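First up is the structure itself, then whatever we jot down about it.
The values are calculated or read from the model by the stated rules, or taken from the named source; none is laboratory data. Given the structure is predicted, the values throughout are model-derived calculations rather than measurements. Virtual Cβ from ideal backbone geometry, glycine too; neighbours counted across all protein chains shown.
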2 protein chains.
Amino acid sequence: MNPSLLSGLRIIEFSAFVAAPSAGLALAQLGAEVIRVDPRGGNIDIKRLPLNAEGRSLYWASLNRGKRSVELDVRSTEGRALLQQLICAPGDGPPVFLTNLAVDGELSYAALSKLRPELIMVQLSGSPDGSSAVDYTVNCAAGFPGITGSGQGGPVNHVLPAWDVTAGQMLALAVLAAERHWRLTGQGQHVELALSDVAMATVANLGYLADVELNGTQRSADGNFLYGAYGDSFECADGRHAMVVAITDRQWRALLRATGLHDALPAAAAALGMALDDEAARYSARGLISAALRPWFAARTLAQVSAAFTDRSLLWGPYRSFAQMLADDPRCSEANPMFRRTAHPDLGEFLTATSPLEFAAVERIAPGIAPRLGEHTREVLAEKLGLADAELRTLADAGTITPADAALGR
Amino acid sequence: MNPSLLSGLRIIEFSAFVAAPSAGLALAQLGAEVIRVDPRGGNIDIKRLPLNAEGRSLYWASLNRGKRSVELDVRSTEGRALLQQLICAPGDGPPVFLTNLAVDGELSYAALSKLRPELIMVQLSGSPDGSSAVDYTVNCAAGFPGITGSGQGGPVNHVLPAWDVTAGQMLALAVLAAERHWRLTGQGQHVELALSDVAMATVANLGYLADVELNGTQRSADGNFLYGAYGDSFECADGRHAMVVAITDRQWRALLRATGLHDALPAAAAALGMALDDEAARYSARGLISAALRPWFAARTLAQVSAAFTDRSLLWGPYRSFAQMLADDPRCSEANPMFRRTAHPDLGEFLTATSPLEFAAVERIAPGIAPRLGEHTREVLAEKLGLADAELRTLADAGTITPADAALGR
């Protein structure tokens, strides 16, 4: 087996919230060395929900696994100088600085690249015009809440921070693309990404801008119906719900067979002058199809639906809460090599994920645990900047770093 | 200026739907050479919505920009052999094969890597246990629909194909990570990704699995409220909606000032024994805050809200439909360097996006246009496999490729 996939790649992550930390996580999970730097007391996401009973953030402990944590007073001149040195410290490859914060002065690309011209700085902002934006304000601007749900009662935000999650992967991609460029040319560079661009590019990529411009129409709210082929959700006798999808003819025939509607539904469609022959026809007839299927689901518990849906051609699944997913879905268990139970010293043991990507040439890296805030401040400053104990004491006395005994108590 | 960022990287994409095509798109937008291969007549996504008036897919034309298109009868022995040769054709770097299809035989990793040991094959599947899954059936399994919307009336699917979009970026990341590994070791490899793992890893990364395991609780449906700090949506006098977010104290004070509630709301909170001092307190008091703000929005049109919200500290935004985004948001126009109007020969001119990532060391690549299905079959087979006109005619006569005059007619 090989050393880890991204060995030799070191990233200083100066971040908060979801996007940039998840980029650091994605790279750490593939073997990069990731050092997250926070201001003293933590950044704005240090207490982000969900929390455990003692008020520790389970979110922070999940998004920062496999990283080391350095805590610096980045408001002070000394703290900013240390962060600058850390970013520019020598290493095997070019220095990589990943941030979603509005850094300036000695932490700007101009200043840093003067010290290390091969620097790769990957920076996320809110909007390309410089205005602030977060996932919630990007989401409302980008059209999806208006077509989510029934369309009654106003827009519905999706709860998944989808733009942050997507941006995180794009930032990780940017790091590797820029490192490739450095490898081929020796050049560093500043890479910028705006969160609103992630959302608006996605709208364009799915054809929705073209739909508006060329057709003068747009996709509208349509409940849980699939878009363009047949699919819908159903309530079962026990109050559980199931999603059913039939895109291909094979999936469609399997659905008719499993629900006993192979004669009745085509007959009903014929009587109404509707076709069910291909996915476009079934999409047009989706109201009829759902009306025909609804009593079948309403008469059965989810377990009975599951027992009737054994044909592998059927594409369907139960709706699950997070708790039900953990309890009932074997894909969300240690039966799946992506998941491992790991014990966090302060939080206890829980199921944690490593990278969803499985590379055959290297061993999958275990999920790891998140550091305590500032756990590695001394270790990293000694290792990367060669600071001796006396120098670290001076920094602690000045308040630039946390006193040695305080760091482990949180 | 440099040649494009990913020059020398060639990808054969054998794909359908959103995830794999968007990975190819992301790489093409950074300068990789991407050749999409489809079965004759197109893959299952060739007629995906939205369509234009003539039934051409605006979705296909948006997700496949900047790629070349090869159309082969991949059900035939000859067609499969051609695809195999195309994947294994010599190039500057290792061959890269990107697919979300269940390929076997001569298109399996085992067969391909025998011919080209340095092959990088990046493959998306539904579930790691081999069962099929699409975005809709992954989504229902992964908990989010149950906490989207009001929580009344059953689960609400988010309409954005968020798992496909995220998986697309992960597949692109996998290509670059595997190419880096090849560059350092000379080794190729098979990289696998399951769509359900993308969703379930995200649930874990946000701390929701830990919440279930350690607290026995989980996030619940809460309308459009932000999670963990104050934020909510409001209806204005003209029926438009706005999203308002106040995470930091500065944003919170700006919101109170702009709405004239700087005295009244703290007084109301004090009377009820509620605090508004920090984001956690404001999250607890979110019902009160929204109740106090609602009449202010209801008395004003969106334009009046906008006129009152000039303080740059305010974090807010209007909800927009796709059409409103295109008409009203300057970030979704050619004022944004990510967007360019491009003319597709069959569809007309519309606003298209290139990569949201801006790399300072290279020029941003223009969005490009999507090929017609099979537009480059002959060109690519001649260029990569050295096939002469006579050989191409024989393939067309056998039906392995489309006759020369048919390709341009669609």
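Criterion applied to B:L30, B:L82, B:L107 was being under 21 Å from the mean Cα position of the chain (by Cα), modelled with pLDDT of 95 or more and not basic (K, R), and the one residue passing it is B:L30.
For the stretch B:264-294, the set of residues classified as of a type in the set (D, E, K, R) and over 21 Å from B:H241 (Cα atoms) consists of B:D277, B:D278, B:E279, B:R282, listed by residue number.
Filtered by the rule that a residue be surrounded by fewer than 19 Cβ atoms within 10 Å (Cβ to Cβ), within 21 Å of A:L63 (Cα to Cα), within 22 Å of the chain's Cα centre (by Cα) and not polar (S, T, N, Q), the stretch A:313-348 gives A:A323, A:E334, A:P337, A:R340, A:R341. A count restricted to the stretch A:184-195 and to residues that are assigned to a helix (DSSP H, G or I) and either at the interface with another protein chain (Cβ under 7 Å from one of its Cβ atoms) or crowded, with 19+ Cβ neighbours inside 10 Å (or both) stands at 2. Against the condition touching a residue at least 60 places away in the same chain (Cβ under 8 Å), at negative phi and in a loop (DSSP other than H, G, I, E, B), how does A:P337 come out, does it pass? Judged against the criteria, A:P337 is not a match.
Within the stretch B:196-208, the residues that satisfy the criterion of being in contact (Cβ under 8 Å) with a residue 40 or more places away in the chain and at the interface with another protein chain (Cβ under 8 Å from one of its Cβ atoms) are B:S196, B:D197, B:V198, B:M200, B:T202, B:V203, B:Y208. Return yes or no: is B:V198 part of a helix (DSSP H, G or I), in contact with a Pro (Cβ under 6 Å, 6 or more places away or on another chain) and aliphatic (A, V, I, L, M)? Answer is yes for this residue. When the residues of the stretch A:84-111 are narrowed to those that are free of Cβ contacts under 8 Å to residues at least 24 places away in the same chain and small (G, A, S), which ends up surrounded by the most Cβ atoms within 10 Å (Cβ to Cβ)? By that ranking, first place goes to A:S108. In the set (1) free of Cβ contacts under 8 Å to residues at least 60 places away in the same chain; (2) charged (D, E, K, R); (3) within 18 Å of B:S233 (Cβ to Cβ); (4) out of contact with any strand residue (DSSP E or B) (no Cβ under 8 Å at 6 or more places or on another chain), B:R300 fails one condition alone, (1). Give the stretch B:287-301 a look and list any residue that's touching a Phe, Trp or Tyr at 6+ places or on another chain (Cβ under 9 Å) and buried (at least 17 other Cβ atoms within 10 Å of the Cβ), or say none. Matches in the stretch B:287-301: B:I289, B:S290, B:L293, B:F297.
For the stretch B:30-118, please list each of the helices (runs of 4 or more DSSP H) lying entirely inside it that holds at least 3 residues being within 14 Å of chain A (Cβ to nearest Cβ) and of a type outside the set (A, V, I, L, M). Show your work before the answer.
Numbers: elements: B:58-63, B:77-88, B:109-115.
Correct list: B:58-63.
Of all residues in the stretch B:265-273, at least one satisfies being loosely packed, with under 15 Cβ neighbours inside 10 Å, over 30 Å from A:P318 (Cβ atoms) and not hydrophobic (A, V, I, L, M, F, W, C). Only residues that are within 30 Å of B:L119 (Cβ to Cβ), touching an Asp or Glu at 6+ places or on another chain (Cβ under 7 Å) and more than 8 Å from every other protein chain (Cβ to nearest Cβ) were counted in the stretch A:328-374, giving 2.
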